[in-house]
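Have a look at the structure below before the remarks.
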Amino acid sequence: EVQLVESGGDLVQAGGSLRLSCAASGFTGSMRTIGWFRQAPGKGREGVSCISATDGSARYADSLKGRFTISFDNVKKTVYLQINDLKPEDTATYYCVTECYHSYAHGFYGMESWGKGTAVTVSS
């Protein structure tokens, strides 16, 4: 069974930076893609970014490009999300997901496994 454990969420000031981590384990086969969703209070889950575990190619939500950077360590089986210039609207629970893909027409899709999330709170 795939296990995803997020960490790194914190309370930070607007304009600051944060690095989230997600350790993945329990794969019976090769990991294909892994990434991040987030859910702000009172809102639905929003795709942030997904990355290929094989070639490192990544996709981002258009509105987040430039501030969010995803990376994957295939040795540690850990995906990271670097967030710069944090804004209050980034306040959300951030979830690690596997098998996430992206289309320009429909956004992110195809998620199979979810972590329990890590909370990010950005104060103004």
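The values are calculated or read from the model by the stated rules, or taken from the named source; none is laboratory data. Please read these numbers as outputs of a predicted model, since none were measured by experiment. With ideal geometry, Cβ positions are generated from the backbone for all residues, glycine too; neighbour counts draw on all protein chains shown.
Within region 102-124, residues that are without any contact (Cβ under 8 Å) to a residue 24 or more places away in the chain reach partners that are loosely packed, with under 15 Cβ neighbours inside 10 Å and of a type outside the set (S, T, N, Q) with beta carbons closer than 9 Å, at six or more positions or on different chains, in the pairs 103/109; 104/62.
The strands (runs of 3 or more DSSP E) found wholly in region 1-112 and carrying at least 3 residues that are surrounded by fewer than 20 Cβ atoms within 10 Å (Cβ to Cβ) occupy 3-7, 11-13, 18-25, 45-52, 68-73, 78-83, 101-103.
The residues of region 1-32 that are β-branched (Val, Ile, Thr) and modelled with pLDDT of 95 or more, listed by number, are 5, 12.
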